Each structure stands twice: as C-alpha cells, then as structure tokens.
Amino acid sequence: MSSSSKIRQVRRLCHQLCFASCVEEKRQGRHVELLRLRPHWSVLKREEQVAIIDRGAAIPFDISLPLPARDEREGSDSGVRLFWEHFNCQQCGRCCYTPGAGLYLEKEDFERIARHVGKKRLKSLCRYDKGLHAWVLRQPCPFYDKDRKGCSIYEIRPLTCAKYPLHPPLNEMPYHLAVDAFCPAARELAKESLGWWIICENNWAAILRKLSPD
C-alpha cells in the first residue's frame with residue numbers, strides 16, 4: 001500500500017472509530033495537556049498558519065477544521081454540535097451583502113419564503129438557473145437589513161444560510177468539517193482550534209501503529 005493510500009485508510013478508520021471520543025477530548029480541552037508534552041506545529045508555526053487563514057478575507061477558499069464531518073450514523077453530528085458551541089457569529093453580514101453568484105434555494109426554501117413574501121416578489125429577487133432547475137437568490141441579499149444589521153427573514157432563512165459558514169468537506173480532507181474562510185468568525189475559530197489537531201494526529205498515530213506494528 002502506498003503512503004498516501006495508508007494515510008487515507010488511517011483517516012477513514014479514525015473517523016469510523018474515534019469521532020465521538022475525539023470530540024469529547026476537544027470539548028474537555030485535552031489538547032492543552034498534550035501541547036505541553038511535546039512541540040507541535042500548531043504552536044511552532046502559529047504565525048504562519050494564522051497568516052494563511054487570514055488570506056480568506058481576500059481570497060476565496062475553505063478551511064478544514066479538526067472536527068469530524070457528519071455521516072449517516074446516528075450521533076455522528078457530535079463534531080457539528082461542538083462547532084456551533086464555539087462558533088460566535090460577528091453579525092458582520094458579509095455573507096449576506098457581498099456581491100456574488102447568488103444563493104441556491106432548495107425547493108422547501110423557495111416555498112417557505114414565498115409564503116412569507118409572495119411568490120411573485122420572490123421570483124423578482126431571484127434568477128432561474130436552468131442547469132440546476134432551481135431559483136437562485138441574487139446577492140447582495142435583498143433580505144439583509146443594513147440598518148438593523150441582520151436578516152429580515154431570519155426565522156425562515158434558506159437552509160444554506162442556517163448552515164453557514166459550514167461547507168462540504170474538502171476532497172483532501174473528506175472526514176473533516178470545512179468552513180468558508182471568507183467568514184471572519186470562521187477564521188477566528190480556525191485559529192482557536194489549531195491545537196485540536198494534536199488530538200487527531202495522536203489518534204492517527206495509534207491506528208497506524210496497529211496497522212503497521214513493525
């Protein structure tokens with residue numbers, strides 16, 4: 001087995017076997033004790049890592065977090081729950097009023113919002129994507145209230161908005177949550193959680209030793 005294949009296997013096994021325990025260790029702050037025991041890149045290269053994360057303010061990319069992504073298993077949302085425990089929205093509205101391609105509306109999103117604002121008005125605020133066969137809400141978002149610095153349809157906002165800044169996992173890190181680096185609060189959480197990677201790495205090392213006892 002090639003080294004890259006072995007790494008993928010180790011990370012997959014870690015996700016299957018350790019997703020609950022690693023989240024609990026992070027919740028309890030065990031990484032602090034581990035970081036005292038040995039030098040780690042999250043401390044030694046913190047400045048470099050922070051500079052990379054901060055590029056998200058100007059360059060669009062996603063950041064993998066040391067938290068397990070959800071899968072089909074019951075209880076696999078423990079990583080998502082810990083994310084929301086630590087995520088602190090700054091109410092900046094950048095995700096709402098920054099011009100972009102638009103926001104895809106699920107069928108349920110469209111119907112729910114249409115009941116509130118009227119179908120004709122909602123269509124006037126969207127464009128229809130023939131490829132997706134779906135309505136796409138134009139940005140800057142017409143429902144962002146600049147005076148109140150908030151969403152005027154917050155209780156019925158699209159599912160994508162409710163999940164933001166969480167994005168689908170990156171191809172190179174398929175078992176970890178990913179966030180949009182454009183979000184200032186997501187960048188702050190990425191910096192705060194750098195030390196959590198030591199727990200992931202300890203789990204990977206333990207699994208690797210079992211796979212290759214020699």
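The values are calculated or read from the model by the stated rules, or taken from the named source; none is laboratory data. All figures in this text were calculated on a predicted structure; none of them were measured in a lab. Backbone-built Cβ (ideal geometry, glycine too); neighbour counts: all protein chains shown.
Points worth noting:
- Taking the conditions (1) acidic (Asp, Glu); (2) in contact with a strand residue (DSSP E or B) (Cβ under 8 Å, 6 or more places away or on another chain); (3) assigned by TED's automatic domain parsing to the domain that holds residue 7 in turn, residue 201 satisfies each one other than (2).
- Just one residue in the set 174, 184 is surrounded by fewer than 20 Cβ atoms within 10 Å (Cβ to Cβ), over 30 Å from residue 7 (Cβ atoms) and not hydroxyl-bearing (Ser, Thr, Tyr); that residue is 184.
- Condition met for residue 80 (at pLDDT 90 or above, assigned to a helix (DSSP H, G or I), at negative phi and among the aliphatic types (A, V, I, L, M)): yes
- Elements of type helices (runs of 4 or more DSSP H) in segment 99-198, at least 2 residues being under 28 Å from residue 29 (Cβ atoms) and among the hydrophobic types (A, V, I, L, M, F, W, C): 184-192
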